[in-house]
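Structure first, commentary second.
The values are calculated or read from the model by the stated rules, or taken from the named source; none is laboratory data. Just so you know, these numbers come straight off a predicted model, no measurement behind them. FYI the Cβ positions are ideal-geometry reconstructions off the backbone, even for glycines, and counts take in every protein chain you see.
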Amino acid sequence: MTERFYAVIRLRGRVGVPPDIKLTLRSLKLTRRNHCTIVKATPSIEGMLKKAAGYITYGEVSEEALAALLEKRGRLKGDERLTLDYVKKLGFESFKDLAKAILEGKASLRGIPGLKLVFRLHPPSGGFKGSIKKPIEQGGELGYRGARINELLMKMI
């Protein structure tokens, strides 16, 4: 059975953030704009995501998007790239196999020695379609977007 994982991207900056939300964002390891992290969907994490929804966007990550994120934006300690050779040393044939194992719960991002858990992304190519100050429901970019997070991730990788 596959577990649910969220890709969480911080869209708004650090100025004027209330202290409780700042602590929540720090707990999610989202300290800067355009940083992304992958988190397991648990009730406590979902509560944190709802609390910080005015500063982030999130949704269920797909295997393809996770593989692309690991391949293009995965970094090891010392800002070294996560290479295919390194992935093969871990016992996986490709980034896609690693992503599949992570989403099925057979491997974890924390279990990869030296991997940084924060992915630094570019601003999206073509820009945001809505305001980063409004929720999705009002034509903005913030909050829960479901599987559409994968489209945004691919534009930001």
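Before moving on, here are some points about what is shown:
- Answer residue from region 32-58, given it is assigned to a loop (DSSP other than H, G, I, E, B) and not hydrophobic (A, V, I, L, M, F, W, C) and is farthest from Leu142 (Cα to Cα) among those: Thr42
- Single residue of region 98-110 satisfying the filter (of a type in the set (D, E, K, R) and assigned to a loop (DSSP other than H, G, I, E, B)) that is nearest to the chain's Cα centre (by Cα): Arg110
- Test: residue in region 69-77 that is farther than 26 Å from Gly127 by Cβ, basic (Lys, Arg), touching a residue at least 12 places away in the same chain (Cβ under 8 Å) and surrounded by fewer than 20 Cβ atoms within 10 Å (Cβ to Cβ): yes
- Scope region 120-157; condition out of contact with any His (no Cβ under 7 Å at 6 or more places or on another chain) and within 25 Å of Lys89 (Cα to Cα); matching residues: Ile157
- Selection status of Leu70, within 14 Å of the chain's Cα centre (by Cα), modelled with pLDDT under 95 and in a loop (DSSP other than H, G, I, E, B): no
- Comparison of Glu151, Glu104, Glu141 shows that the only residue that is of a type in the set (Asp, Glu), touching a strand residue (DSSP E or B) at 6+ places or on another chain (Cβ under 8 Å) and surrounded by 12 or more Cβ atoms within 10 Å (Cβ to Cβ) is Glu141.
- So Gly13, is it outside any helix (DSSP H, G or I), touching a Phe, Trp or Tyr at 6+ places or on another chain (Cβ under 9 Å) and without any contact (Cβ under 8 Å) to a residue 24 or more places away in the chain: yes
- Criterion (in contact (Cβ under 8 Å) with a residue 40 or more places away in the chain and within 21 Å of Met154 (Cα to Cα)) met by exactly one of Ala65, Ala101: Ala65
- Ser125 part of a loop (DSSP other than H, G, I, E, B), small (Gly, Ala, Ser) and more than 21 Å from Met48 (Cβ to Cβ): yes
Every residue, every condition in (1) assigned to a loop (DSSP other than H, G, I, E, B); (2) surrounded by fewer than 15 Cβ atoms within 10 Å (Cβ to Cβ); (3) touching a helix residue (DSSP H, G or I) at 6+ places or on another chain (Cβ under 6 Å), yes or no:
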site: Thr24; (1), (2), (3): no, no, yes
site: Lys88; (1), (2), (3): no, yes, no
site: Phe92; (1), (2), (3): yes, no, yes
site: Lys96; (1), (2), (3): no, no, yes
site: Ile112; (1), (2), (3): yes, no, no
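- Checking each residue in region 31-62 for being free of Cβ contacts under 8 Å to residues at least 60 places away in the same chain, β-branched (Val, Ile, Thr) and surrounded by 13 or more Cβ atoms within 10 Å (Cβ to Cβ) picks out Val39, Ile45.
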